[in-house]
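Each remark here refers to the structure printed beneath this line.
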Amino acid sequence: MSTVAVRYTAAAVTDRGRKRPSNEDAFGYSVEDGVYVVCDGMGGAAAGEIASSIAVDEVLRLLCARDRQAPLPTVAEEAISAANTAIFSRAERNYKLSGMGTTLVALVVEETHVWALNVGDSRCYRLRAGRLEQLTLDHSLVEEQVRLGRMSRAEALRSPMRNMITRALGTQNHVTPDCFQFAVEPGDLFLLNSDGLTRELSDEKVQSILAVEQPIADRCTRLVEAAKKAGGHDNITAILVQAVA
Ligand code: MN
């Protein structure tokens, strides 16, 4: 099997949307270190914003400084655990922040493969040869019901429980991410997003926007604008990462 060295380019947009008073999503990335992170915070007052920004800062910092010889799932678990503790201890010092939490989705890229890791319902997708595929599995009540065959995909989308996530940073003593590895091919386009994007847009719609050959910054903007046009009920964040030969 031959391996082709690739480099990566990225673009990101975050938007408050049209209904929420503030933006509790956060993102950060380093093209140089190959780390991309999106978080979707929750909690009263400013708590959600604080939780998501702590998680982005901690996880980005730790993954950028990672030991490249160590297995990434272990490194990721340690980074998630450190971010979890940081959110917890911040909430302990201020009762107004108690109960705050955040989802997290991250992509760590190497020359021949990528790692997608997540906690909660922020997602990672890959567009390859014009076809969109979700790489992460949501940690949500309805997604688990769908996987157990107790609920259809259509029922899940309409369920009043669709917002309930089963894993988050800052709300549990221990949290472990799912961490999956994928071989990369030149041209692969990865999307990291908060639920505010994919709650408004079907996978088919996301695919049709991403498949248009134009600069990824433009595709990123078009995704977020389409989600706002479709309602913009939640904060919307998207990062696009493209593997270039
Ligand atoms: Mn959200």
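Check Asp33, Asp40, Asp25, Asp15 and return the single one that is touching a strand residue (DSSP E or B) at 6+ places or on another chain (Cβ under 8 Å) and farther than 19 Å from Ala217 by Cβ.
Numbers: Asp33 fails: touching a strand residue (DSSP E or B) at 6+ places or on another chain (Cβ under 8 Å); Asp25 fails: farther than 19 Å from Ala217 by Cβ; Asp15 fails: farther than 19 Å from Ala217 by Cβ.
Only one candidate passes the filter, namely Asp40.
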State yes or no: is Glu111 of a type in the set (Asp, Glu), more than 14 Å from the ligand (Cβ to nearest atom), open to solvent by 50 Å² or more (accessible area, probe 1.4 Å) and without any contact (Cβ under 8 Å) to a residue 60 or more places away in the chain?
no
Restricting to the range 47-83, give me the number of residues that are more than 16 Å from the ligand (Cβ to nearest atom), open to solvent by 10 Å² or more (accessible area, probe 1.4 Å), small (Gly, Ala, Ser) and in a helix (DSSP H, G or I).
2
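Any residue that is surrounded by fewer than 17 Cβ atoms within 10 Å (Cβ to Cβ) and not small (Gly, Ala, Ser) - is there at least one of those in the range 117-124? Spell out the reasoning first.
Within the range 117-124, the subset surrounded by fewer than 17 Cβ atoms within 10 Å (Cβ to Cβ) is none.
Scanning the range 117-124 turns up no residue that is surrounded by fewer than 17 Cβ atoms within 10 Å (Cβ to Cβ) and not small (Gly, Ala, Ser).
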Which residue is farthest from the ligand (Cβ to nearest atom), if the candidates are limited to the range 179-194 and must be hydrophobic (A, V, I, L, M, F, W, C) and buried (at least 20 other Cβ atoms within 10 Å of the Cβ)?
Val184
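Return the residue satisfying two criteria in turn: it lies in the range 1-46 and is of a type in the set (Asp, Glu) and in a loop (DSSP other than H, G, I, E, B), and of such residues it is surrounded by the fewest Cβ atoms within 10 Å (Cβ to Cβ).
Going through the range 1-46, the residues of a type in the set (Asp, Glu) turn out to be 15, 24-25, 32-33, 40.
Next cut, in a loop (DSSP other than H, G, I, E, B) only: 24, 32-33.
Details: Glu24: 27, Glu32: 8, Asp33: 15.
Only one residue tops the list, namely Glu32.
Mind listing whichever residues of the range 101-112 are out of contact with any Phe, Trp or Tyr (no Cβ under 6 Å at 6 or more places or on another chain) and at pLDDT 95 or above? Please lay out each step first, then the result.
Let us first name the residues in the range 101-112 that are out of contact with any Phe, Trp or Tyr (no Cβ under 6 Å at 6 or more places or on another chain), namely 101-106, 110-112.
Gly101, Thr102, Thr103, Leu104, Val105, Ala106 - these are the residues of the range 101-112 that are out of contact with any Phe, Trp or Tyr (no Cβ under 6 Å at 6 or more places or on another chain) and at pLDDT 95 or above.
Report, by residue number, each residue of the range 84-128 that is assigned to a helix (DSSP H, G or I) and of a type outside the set (Phe, Trp, Tyr). Steps first, please.
Applying the first criterion (assigned to a helix (DSSP H, G or I)) to the range 84-128 yields 84-92, 95-97.
Correct list: Asn84, Thr85, Ala86, Ile87, Ser89, Arg90, Ala91, Glu92, Lys96, Leu97.
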Meets criteria (farther than 19 Å from Asp188 by Cβ, within 15 Å of the chain's Cα centre (by Cα) and within 16 Å of the ligand (Cβ to nearest atom)) for Asp25
yes
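From the list Ala230, Ala211, pick out the single residue that is out of contact with any strand residue (DSSP E or B) (no Cβ under 9 Å at 6 or more places or on another chain) and either open to solvent by 10 Å² or more (accessible area, probe 1.4 Å) or within 15 Å of the ligand (Cβ to nearest atom) (or both).
Details: Ala211 fails: out of contact with any strand residue (DSSP E or B) (no Cβ under 9 Å at 6 or more places or on another chain).
That would be Ala230, the only listed residue that is out of contact with any strand residue (DSSP E or B) (no Cβ under 9 Å at 6 or more places or on another chain) and either open to solvent by 10 Å² or more (accessible area, probe 1.4 Å) or within 15 Å of the ligand (Cβ to nearest atom) (or both).
May I ask you to say which residue of Leu223, Leu197, Leu169 is buried (at least 20 other Cβ atoms within 10 Å of the Cβ), within 16 Å of the ligand (Cβ to nearest atom) and under 24 Å from Arg7 (Cα atoms)? It would help to see each step written out before you state the result.
Working: Leu197 fails: under 24 Å from Arg7 (Cα atoms); Leu169 fails: under 24 Å from Arg7 (Cα atoms).
On inspection, the qualifying residue turns out to be Leu223.
For the range 142-150, state whether one or more residues are under 21 Å from Val114 (Cβ atoms), in a helix (DSSP H, G or I) and within 16 Å of the ligand (Cβ to nearest atom). Before the answer, list the steps.
Taking the range 142-150 first, the residues under 21 Å from Val114 (Cβ atoms) are none.
There is no residue in the range 142-150 that is under 21 Å from Val114 (Cβ atoms), in a helix (DSSP H, G or I) and within 16 Å of the ligand (Cβ to nearest atom).
Are any of the residues in the range 84-100 small (Gly, Ala, Ser), open to solvent by 50 Å² or more (accessible area, probe 1.4 Å) and either modelled with pLDDT of 95 or more or more than 14 Å from the chain's Cα centre (by Cα) (or both)?
Initial filter on the range 84-100 (small (Gly, Ala, Ser)): 86, 89, 91, 98-99.
Pick out the ones that are also open to solvent by 50 Å² or more (accessible area, probe 1.4 Å) and you get 98-99.
Imposing the further condition that a residue be either modelled with pLDDT of 95 or more or more than 14 Å from the chain's Cα centre (by Cα) (or both) reduces the set to 98-99.
Yes: one or more hits.
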For the range 28-70: of the residues being under 17 Å from the mean Cα position of the chain (by Cα) and among the charged types (D, E, K, R), which is nearest to Cys124 (Cα to Cα)?
Asp40
Tell me the residue from Pro73, Pro160 that is farther than 25 Å from Ile239 by Cβ and either at pLDDT 95 or above or over 14 Å from the mean Cα position of the chain (by Cα) (or both), please.
Pro160
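The values are calculated or read from the model by the stated rules, or taken from the named source; none is laboratory data. None of these values were measured; they are calculated from a predicted model. Cβ coordinates were reconstructed from backbone atoms using ideal geometry, including for glycine residues, and neighbour counts include every protein chain displayed. In case anyone asks, the SASA skips ligands and DNA or RNA and just uses the protein heavy atoms, side chains included. Shrake-Rupley method; radii C 1.70, N 1.55, O 1.52, S 1.80 Å.
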